[in-house]
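Colleague: Just dropping this structure here.
The values are calculated or read from the model by the stated rules, or taken from the named source; none is laboratory data. Not measured: the values here are computed from a predicted model. Note that we place each Cβ from the backbone using ideal geometry, even for glycine, and neighbour counts take in every protein chain shown.
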Amino acid sequence: MGQTCKTFFCTSSRVITSLALVVGSLAAAHTAIAQDTPLISGGVGFFTITNGGRTTYIPVLAPVLAAPLGPRLLVESRATILDSFSPKRGGQSGYTSNSFLGLSYLQLDYLANPHATVVAGEFLTPFGTYNERLSPIWIGNFVDAPLTFGLGTMGTGSSVGGMLRGSAVSTENVSLDYAAYYSAASTNEQFNAERATGGRVEMYLPQKRFELGASYGRVLQGRHSNFVGMHLWWQPAESPLKFRAEYAHGEHSSGYWMEADYRLSHFGGTESPIGRLEPVFRWQQVFRASPDSTDGLPSADTNRVDFGLDYHLPHEVRINTSYSRQLSSSGNRNVWQTGIVYRFLFPTWKGK
């Protein structure tokens, strides 16, 4: 499953704290102004991952809150609630179960002007594109994140502090977007973050449907390491083809991934039985320069190829299937993944 949240197993007190923050924001929005109706969206899914012959089962709920507080303020949050069931090791029968609840982000946005939005709180680290755009379970083509996800996202995928983002230039021919952030050090189990800074810039050509961007991140504590990255997105006009690629480099490792998907909508349209099919392909490589147990990447040079076939059912339901072959000096293995996801959206109450 995509890296949508931090990897800790919650106690009941942390669950209550996270829910209280979201419910409190919702109540504040209702008190502030009734016509700005908060929305709850997200996805619910069930996934299986067979890695090296061991199958893990993961039911997951990922709700998203968007609560306007007047014309310029917006509260945004996404949570992940899941259980994972995996076979016991050592020849024991039965399964072990691990529960998790955590917030991927909880932020307050101030819409300063058409070119700038000020963000405060816990937000997704703006490095590369996967973390912000493809990590939701109802968007990503594959159940798991790219191998290079940990580079530049500081491992957790989230930062705690402030961010300035927006569109510097926007015309019919070109759009230049930016994001710059500062994260404070936090050891809170729910809002865990390193002291870091960085940002991303990207150029989008609307007529070509082509985007090119660069990212930078620097950890300001401990190892004081730098991360750099580049990304490319392209969707040809009047074509269902989508192509995405990303490269990231850190002190101890580097790597890239390339992904293409092509929905067969030219066979009777997107609602036809064949038109609902979407073959997907991803190629990944990781290069290990020196050992590092903190970046989340494989311990040795790794090649991986992913073949997938997604099927879009009516009423925002999607089935994901994929087969991956991973080659590394630490061992070769096959990875099979399946999932079914339902995307939902509804207002929290009736607006004016």
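Colleague: When only residues in region 203-253 that are among the hydroxyl-bearing types (Ser, Thr, Tyr) and touching a Lys or Arg at 6+ places or on another chain (Cβ under 8 Å) count, which is nearest to Leu176 (Cα to Cα)?
Modeller: Residue satisfying both the conditions and the ranking: Ser215.
Colleague: Within region 82-110, which residues are exposed (fewer than 15 other Cβ atoms within 10 Å of the Cβ) and either within 20 Å of Ala67 (Cβ to Cβ) or of a type in the set (Phe, Trp, Tyr) (or both)?
Modeller: Of everything in region 82-110, those that are exposed (fewer than 15 other Cβ atoms within 10 Å of the Cβ) and either within 20 Å of Ala67 (Cβ to Cβ) or of a type in the set (Phe, Trp, Tyr) (or both) turn out to be Tyr95, Tyr110.
Colleague: Are there any pairs with C-beta distances below 8 angstrom linking a residue in region 106-117 that is within 28 Å of Asn192 (Cα to Cα) to a residue that is part of a strand (DSSP E or B) and aromatic (Phe, Trp, Tyr), with the two at least 6 apart or on different chains, and if so which?
Modeller: Going by the 8 Å Cβ cut-off, the qualifying pairs are Gln107/Phe123; Thr117/Tyr110.
Colleague: Go through Thr171, Thr197, Thr156 for me and flag whichever is of a type in the set (S, T, N, Q) and out of contact with any strand residue (DSSP E or B) (no Cβ under 8 Å at 6 or more places or on another chain). Write out each step before concluding.
Modeller: On the way: Thr197 fails: out of contact with any strand residue (DSSP E or B) (no Cβ under 8 Å at 6 or more places or on another chain); Thr156 fails: out of contact with any strand residue (DSSP E or B) (no Cβ under 8 Å at 6 or more places or on another chain).
Of the residues listed, the single one that is of a type in the set (S, T, N, Q) and out of contact with any strand residue (DSSP E or B) (no Cβ under 8 Å at 6 or more places or on another chain) is Thr171.
Colleague: Given the conditions (1) within 19 Å of Gly339 (Cα to Cα); (2) at pLDDT 95 or above, report the number of the one that Val75 does not fulfil.
Modeller: (1) is the only condition that Val75 fails.
Colleague: Just a yes or no: is a residue in region 161-172 in contact with a Phe, Trp or Tyr (Cβ under 8 Å, 6 or more places away or on another chain), surrounded by fewer than 24 Cβ atoms within 10 Å (Cβ to Cβ) and in a loop (DSSP other than H, G, I, E, B)?
Modeller: So far as region 161-172 goes, no, none of its residues is in contact with a Phe, Trp or Tyr (Cβ under 8 Å, 6 or more places away or on another chain), surrounded by fewer than 24 Cβ atoms within 10 Å (Cβ to Cβ) and in a loop (DSSP other than H, G, I, E, B).
Colleague: Go through (1) out of contact with any strand residue (DSSP E or B) (no Cβ under 9 Å at 6 or more places or on another chain); (2) farther than 24 Å from Glu246 by Cβ one by one and return the number of the condition Ser293 breaks.
Modeller: Going through (1) out of contact with any strand residue (DSSP E or B) (no Cβ under 9 Å at 6 or more places or on another chain); (2) farther than 24 Å from Glu246 by Cβ one by one, Ser293 breaks only (2).
Colleague: Here's a follow-up. Take the residues in region 268-291 that are within 23 Å of the chain's Cα centre (by Cα) and farther than 17 Å from His312 by Cβ, then tell me which one is surrounded by the most Cβ atoms within 10 Å (Cβ to Cβ).
Modeller: Of everything passing the filter in region 268-291, Val286 is surrounded by the most Cβ atoms within 10 Å (Cβ to Cβ).
Colleague: Quick test for you: out of Leu111, Leu69, pick the one residue that is more than 27 Å from Glu316 (Cβ to Cβ), at pLDDT below 95 and aliphatic (A, V, I, L, M). Walk me through it before giving the result.
Modeller: Numbers: Leu111 fails: at pLDDT below 95.
On inspection, the qualifying residue turns out to be Leu69.
Colleague: I would also like to ask the following. May I ask you to list the residues in region 130-154 that are of a type in the set (S, T, N, Q) and over 21 Å from Gly339 (Cβ atoms)?
Modeller: Applying the first criterion (of a type in the set (S, T, N, Q)) to region 130-154 yields 131, 135, 141, 148, 153.
Selection gives Thr148, Thr153.
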